[in-house]
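Asker: Got a structure here, written out as structure tokens. Questions coming.
The values are calculated or read from the model by the stated rules, or taken from the named source; none is laboratory data. The shown structure was predicted, so the numbers you read here are calculated from the model rather than taken from an experiment. A quick note on method: Cβ atoms are made from the backbone with ideal geometry, for glycine too, and the neighbour counts reach across all protein chains shown.
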């Protein structure tokens, strides 16, 4: 039986508010706690099923929700919505590719682990195409929470640094990062995401309650921008400057203000030089990077992180060349990597690393076929006009592709969550922004 209109609207509103809560939990817990991140994802799944049940009750509704057959129809309708969403259904390829590679993977245990990590490529697309509609303000509020969560965390990281400055600086000289919650590379990428999202909110004059919040937000963004340099994590800095260059190129192309572009490039260069001069953690990181490169060139790079990464790229290319069409199998990458290291780079056997590049990782594990299919998934959303015209979505893709060059981003649970959540959040947000302005 259909509910009264006001009752139905109340349920949809409550479902939307619950969705926003779990989205906030995800953006915060992604930096802090795998357990809370899982709770947030399961919470979004609950909201998707809740909203699907409301839609079912308003359309079919002949079978009560207490009957299991009703949930069969609810799931059926949910998957029908997924298969009508091209960008969402294409994401399934990123689960299917490593799954199929099990046919030629001897290491079943590692293959199952690869498949487990990629399961969100089924779950989260289903979730996002079935969530209740959110307002433009609700979408923006989640990003606003991300910015201020980052500010609080960076203050804590900074206090810990100044309390242990000598120890941490010594660690930087030896290639260790400044301590951050969870993993330093992922944190720096999320920090870049927060800076970009916050700058966009500032330009859109978004405030939660009071007009003075915009001024405080501007100060927070300057702090976070400085802190990205202070952390001296190269992946995060590369992503940040890649976004800045993309933003500048996009502005110059649209406005034809070529001199503005040249002036901005000079300013970017000056900022980097100044940061190297006045931020000790960054200068220590660069010194270590130069020393690491020198050791690698002299074939003495064992136990140096950058040298191990360079070797991982070389072994990845060799693995691909041994099986160019379909790769060695996602499950056999560790075993095959150790074989090549034992034969060609014995000094690196004690610290074997898989290819620290998402594209080479895909080539080595699933060959040119796997990379081609994966690239279709990565690039298709950029062809959809409503997404392509939405700056935060484009900026996030720049961050993702930059991370792909130096990490196997979507081969870890947090990397998958980072890629999927913000990609779909911005896709849904793009639609809401367009509807609000049309």
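Asker: Against the condition surrounded by fewer than 15 Cβ atoms within 10 Å (Cβ to Cβ), in contact (Cβ under 8 Å) with a residue 40 or more places away in the chain, assigned to a helix (DSSP H, G or I) and in contact with a helix residue (DSSP H, G or I) (Cβ under 6 Å, 6 or more places away or on another chain), how does residue 416 come out, does it pass?
Answerer: No, not satisfied.
Asker: Do the conditions hold for residue 95, that is, is it touching a helix residue (DSSP H, G or I) at 6+ places or on another chain (Cβ under 9 Å), over 25 Å from residue 13 (Cα atoms) and in contact (Cβ under 8 Å) with a residue 12 or more places away in the chain? It would help to see each step written out before you state the result.
Answerer: Numbers: touching a helix residue (DSSP H, G or I) at 6+ places or on another chain (Cβ under 9 Å): yes; over 25 Å from residue 13 (Cα atoms): yes; in contact (Cβ under 8 Å) with a residue 12 or more places away in the chain: yes.
Yes: the conditions hold for residue 95.
Asker: Any idea which of (1) touching a residue at least 12 places away in the same chain (Cβ under 8 Å); (2) under 30 Å from residue 172 (Cβ atoms); (3) out of contact with any helix residue (DSSP H, G or I) (no Cβ under 6 Å at 6 or more places or on another chain); (4) surrounded by fewer than 20 Cβ atoms within 10 Å (Cβ to Cβ) is the one residue 376 doesn't satisfy?
Answerer: (2)
Asker: As an exercise: evaluate residue 179 against (1) in contact (Cβ under 8 Å) with a residue 12 or more places away in the chain; (2) in a helix (DSSP H, G or I) and give the number of the one condition it does not meet.
Answerer: (2)
Asker: Can you confirm whether residue 369 is surrounded by fewer than 20 Cβ atoms within 10 Å (Cβ to Cβ) and in contact (Cβ under 8 Å) with a residue 60 or more places away in the chain?
Answerer: No: the conditions fail for residue 369.
Here's the yes/no breakdown for (1) at pLDDT 80 or above; (2) farther than 30 Å from residue 158 by Cβ:
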| position | (1), (2) |
| --- | --- |
| 287 | no, no |
| 294 | no, yes |
| 308 | yes, no |
| 313 | yes, yes |
| 316 | yes, yes |
| 343 | yes, yes |
| 350 | no, yes |
| 360 | yes, yes |
| 372 | yes, yes |
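Asker: Could you pull out the residue among 118, 114, 173, 136 that is touching a residue at least 60 places away in the same chain (Cβ under 8 Å), surrounded by fewer than 15 Cβ atoms within 10 Å (Cβ to Cβ) and in contact with a helix residue (DSSP H, G or I) (Cβ under 8 Å, 6 or more places away or on another chain)?
Answerer: Details: 118 fails: surrounded by fewer than 15 Cβ atoms within 10 Å (Cβ to Cβ); 114 fails: surrounded by fewer than 15 Cβ atoms within 10 Å (Cβ to Cβ); 136 fails: surrounded by fewer than 15 Cβ atoms within 10 Å (Cβ to Cβ).
The unique qualifying residue is 173.
Asker: Using the structure shown, decide if residue 400 is closer than 29 Å to residue 245 by Cα, free of Cβ contacts under 8 Å to residues at least 40 places away in the same chain and in a helix (DSSP H, G or I).
Answerer: When the stated conditions are applied, residue 400 passes them.
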